[in-house]
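Input: a single structure, listed below in structure tokens.
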Amino acid sequence: MDFEGREDKDGVRLSWSSLPKSKLQHQRNVIPMGALYTPLNDKSPIPLLDQNSIISCRSCRAVLSPFVQCNSGVWTCSVCSTTNQLPALVDEQGQPALPLNLNQEFTTVEYQTGRLAPLPPVFFYVVDTIFEGDDVEGAFQQLKESLTLSLSLLPENALVGFISFGKHVKIHDLSSNDNLSYTFNGNKQYTLEKLQSSLGLISSGLSVANSKGSNDSGYEQLIGNVGKRFLQPVTIAEYQLTNIIESLVVDHFPHNEYSQRPERATGSAINIASLLLKTILGSQHHATGGHLMVFIAGVCTLGPGKIVDSLLKEPLRSHHDIIKSQTTTIHAPSTSSVAKSNMSLFKHAKLFYEQVTKTLVSLGISCDFFIGSYDQVGLYEMDEVCYKTGGSVVLSDSFSTAIFKQSFVKFFKKSESVEGNEEQNADAGEYLDMGFNATLEVKTGVDLKLKA
């Protein structure tokens, strides 16, 4: 098989087709040796094996593969060079057989362990309600239509929650028929304890312990009776959530359009959403995954994570300002009368989003940004939240554009059938084409060293 065929089969793209034979060759390489791996590669059929086929090294726990040395019922690990005994297997005719892992075509396989997650995936919406421009109502209405459409694209057992924000942050109660919501000050950075006391919540671990004697079943026992007010299966909450989306209105909090930016608490909304999920999921976060989907229509100007003041005379930081702030060169004081951006906001925002990232990573929740704005929204400050949680970013000029609509629908794409893979094709179209709460572990041989 040629290099291109192998790359399509395994989802691995290397910068070079062979390793350097000496340190001098490595140093002379203009492009360093590297690898790009696509975990959800679906360009070719992938063999599906059961959990009994998982054979690992007794030393480093590396899994048996076609790249090991095998002789007389013993295989030598290609990572740590430890010798291991092959299991005694027989085929249908009763003849000795080798494990399927050693098949030269099985360079990439998937194992079906049979373990099911106690909780279904979580999809939490965080929606900006401040819109500016010529067609404010039209863009906002089309965003609401896209949000309503996405509910029908979710798995039936998916858990959903909803937060809207402008100058203030609103957590919507999905168990109430009166469109009940809890409003938080967008200019304040809430802690986990403060959020719990404001909502009358306790941690999920305590909730589960107190509900062991109750008659609730399924997800209700795992997230607690109080937590299900803000996180419910989409089949139960779809009607109420549709009413909430349709009742949303543009935040017209008074401000001078000619001298001020609207006050938008994006950072506070993301922080409150992450803390709410941590409160609800509690100790169960390792058993589930999901997406925190944030829809942003402008720059954050209020509360934690803000990158510019509300006054228009205060300019937004530029790319040059960011590069300049990262250098240690001492600059002479400037006598220019041109207003300068406040780079202290940039540094504080970076530190704030680092803390938010840690919370989401511990929960196994990915953060996705859907941006509909002609101007900058502060993605550079927030990018760590996205790429460290394995999220996605969709940048568009407006939520009314085809770029956003098509990308948002494609985000919920179902798995497609692959020619020659009948086992996986049986479930094709039933599951979303995405992974949840996954970890990637890389093992290398003794003669290789990874460098980040």
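Every number here is computed from the coordinates shown, using simple stated rules; none is lab data. Please read these numbers as outputs of a predicted model, since none were measured by experiment. Note: ideal-geometry Cβ built from the backbone for every residue, glycine included; neighbour counts use all protein chains shown.
Odds and ends about this structure:
- q = 0.16, 0.21, 0.23 Å⁻¹, region 237-292: log10 I(q)/I(0) [Debye, one scatterer per Cα]: -0.80, -1.01, -1.05
- Relative contact order of the chain, defined on C-alpha pairs under 8 angstrom at six or more residues apart (%): 15
- Pairs exceeding 24 Å between alpha-carbon atoms, taken from LYS194/LYS306; LYS170/LYS388; LYS167/LYS347; LYS167/LYS228; LYS144/LYS278: LYS170/LYS388; LYS167/LYS228; LYS144/LYS278.
- Cysteines without a disulfide-compatible neighbour (Cβ-Cβ under 4.7 Å), the chain: CYS70, CYS300, CYS367, CYS386
- In the chain, excluding the sites themselves, the longest stretch lacking any of the GluC sites (Glu not before Pro) that are in a DSSP loop with at most 16 other Cβ atoms within 10 Å is 258-415.
- Exposure rule at most 10 other beta-carbon atoms within 10 Å, DSSP loop trypsin sites (Lys or Arg not before Pro): the chain longest free segment: 314-448
- Positive-end extreme of charge dipole, the chain - chosen from SER56, MET343, THR389 (charges on Cβ): MET343
- Applying a DSSP loop filter and a limit of 14 other Cβ atoms within 10 Å to the chymotrypsin sites (Phe, Trp or Tyr not before Pro) in region 218-263 leaves TYR258.
- A Förster distance of 30 Å, applied to the separation of the beta-carbon atoms of SER181 and GLU145, puts the FRET efficiency at 0.90.
- Folded to 0 to 90 degrees: helix 234-247 orientation relative to the chain principal axis, Cα: 30
- As computed over the chain, the Cα convex hull volume per residue (Å³): 210
- Among beta bridges identified by DSSP and lying wholly in region 3-115, the antiparallel ones come to about 80 percent.
- With all projection directions averaged, the alpha carbon convex hull of region 7-105 covers 8.7 nm².
- Computed over region 3-115: relative contact order in percent, which uses C-alpha pairs under 8 Å that are six or more apart: 25
- Degrees, to the nearest 10: 402-411 long Cα axis against longest axis of the chain: 50
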